[in-house]
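The structure appears below as structure tokens.
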Amino acid sequence: MIIKAEQITKSYQTGSGKLEVLKGVDLSISEGEIVSVMGPSGCGKSTLLNILGILDRLDSGDLWIENKKVSDLSDRDISQLRNKYIGFVFQFHHLLPEFSVIENLMIPQLIKGVNEDKAKDRCMKLLEVVDLYNRYDHNPAELSGGERQRVAVLRALVNHPRLVLADEPTGNLDIESGLKIIDLIKQMRDRDNNSFLIATHNPDVAVHCDRHLKFKDGILVSG
Ligand SMILES: Nc1ncnc2c1ncn2[C@@H]1O[C@H](COP(=O)(O)OP(=O)(O)O)[C@@H](O)[C@H]1O
Ligand SMILES: [Mg+2]
């Protein structure tokens, strides 16, 4: 099991009192699975992904990543675990505007200590896979929305995360570009056997995943 969550709860303190968002979420994802999580805006998809990616703290419940219980780990172990195993894709791409496509892709690898030639070589190969080879020296502003999102997905994948958490990765794209993102995700999964959890409110995207979950009153049910 890549990730397992048991009875996760999370609430926010707001001006009008306590807002219970997650009310006992159970979830487990195996190696190589692509799972969608659907639900209307405001139901808690981003909250859940942030907790699963250990970017935010849960109130109660248990979380295991790669069979390690997160509550038993030190902060340092947690950041190592996150860096090593988890990749994030956000709705808005968060590519660095001052850098070219290839540089955006190389940065996570350079940070990890991969040498520059090797990083570049590997990133150019990835760009070839998604038909963006001839865009390598463009800045993000010089790409279409769909192309930017494909680069953002690649960037989440360059360091081979075992688990990718994607928060509405196709949210601002037309259907065709959205399906290209899903194709890319499947292609990467087939190659690396990594796992994906994709929050989406696009049924056209969800239907291409291996398994579907949806939010119902603060918990997840099979969709
Ligand atoms: N930091 C926060 N403080 C207070 N309320 C929040 C906070 N973050 C999210 N919420 C509320 O929690 C609910 C779930 O939000 P979110 O997880 O972003 O939903 P989704 O991603 O499904 O649209 C929403 O009602 C939102 O307004
Ligand atoms: Mg959200």
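The values are calculated or read from the model by the stated rules, or taken from the named source; none is laboratory data. As the structure is a computational prediction, the values presented were derived from the model and not from experiment. Heads up, the Cβs are rebuilt from the backbone with ideal geometry, glycines too, and the neighbour counts pull from every protein chain shown.
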Close pairs from the stretch 39-64: first closer than 15 Å to Glu20 by Cα, partner within 13 Å of ligand 1 (Cβ to nearest atom) and among the acidic types (Asp, Glu), Cβ under 6 Å, at least 6 apart: Ser46/Asp167
Test result for Ser16, of a type in the set (S, T, N, Q) and either in contact with a Leu (Cβ under 6 Å, 6 or more places away or on another chain) or closer than 14 Å to Leu220 by Cβ (or both): no
Condition check for Ser71: more than 16 Å from ligand 1 (Cβ to nearest atom) and hydroxyl-bearing (Ser, Thr, Tyr): yes
Members of the stretch 188-212 that are within 14 Å of ligand 2 (Cβ to nearest atom) and part of a loop (DSSP other than H, G, I, E, B): Thr200, His201, Asn202
Test set (1) touching a strand residue (DSSP E or B) at 6+ places or on another chain (Cβ under 8 Å); (2) part of a helix (DSSP H, G or I) - Ser36 fails condition number: (2)
Condition met for Leu105 (of a type in the set (A, V, I, L, M, F, W, C), more than 16 Å from ligand 2 (Cβ to nearest atom), closer than 26 Å to Asp131 by Cβ and in contact with an Asp or Glu (Cβ under 8 Å, 6 or more places away or on another chain)): no
Candidate set: the stretch 41-68, residues that are on the phi > 0 side of the Ramachandran plot and over 17 Å from the mean Cα position of the chain (by Cα); chosen: the one nearest to ligand 1 (Cβ to nearest atom): Gly42
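Residues are listed down the side, and each one gets a yes or a no for (1) buried (at least 19 other Cβ atoms within 10 Å of the Cβ); (2) within 16 Å of ligand 1 (Cβ to nearest atom); (3) on the phi > 0 side of the Ramachandran plot:
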{"site": "Asp121", "(1), (2), (3)": "no, no, no"}
{"site": "Arg162", "(1), (2), (3)": "no, no, no"}
{"site": "Asn172", "(1), (2), (3)": "no, yes, no"}
{"site": "Ile182", "(1), (2), (3)": "yes, no, no"}
{"site": "Met188", "(1), (2), (3)": "yes, no, no"}
{"site": "Asp210", "(1), (2), (3)": "no, no, no"}
{"site": "Lys216", "(1), (2), (3)": "no, yes, no"}
{"site": "Ser222", "(1), (2), (3)": "no, no, no"}
Filter result (among the aliphatic types (A, V, I, L, M) and within 16 Å of ligand 1 (Cβ to nearest atom)) within the stretch 74-91: Val89
Members of the stretch 24-82 found to be more than 16 Å from ligand 2 (Cβ to nearest atom), surrounded by 13 or more Cβ atoms within 10 Å (Cβ to Cβ) and small (Gly, Ala, Ser), listed by number: Gly24, Ser28, Ser30, Gly32, Gly61
The stretch 75-102, residues that are part of a loop (DSSP other than H, G, I, E, B) and closer than 16 Å to Leu132 by Cβ: His93, Leu95, Phe99, Ser100
Residue within the stretch 94-103 that is away from ligand 1 (no atom under 12 Å from the Cβ), modelled with pLDDT under 95 and surrounded by 17 or more Cβ atoms within 10 Å (Cβ to Cβ) present: yes
Meets criteria (of a type in the set (Gly, Ala, Ser), more than 12 Å from ligand 1 (Cβ to nearest atom) and either modelled with pLDDT of 95 or more or surrounded by fewer than 17 Cβ atoms within 10 Å (Cβ to Cβ) (or both)) for Ser16: no
Residue count for the stretch 168-183, restricted to those that are within 13 Å of the chain's Cα centre (by Cα) and either free of Cβ contacts under 8 Å to residues at least 40 places away in the same chain or assigned to a helix (DSSP H, G or I) (or both): 3
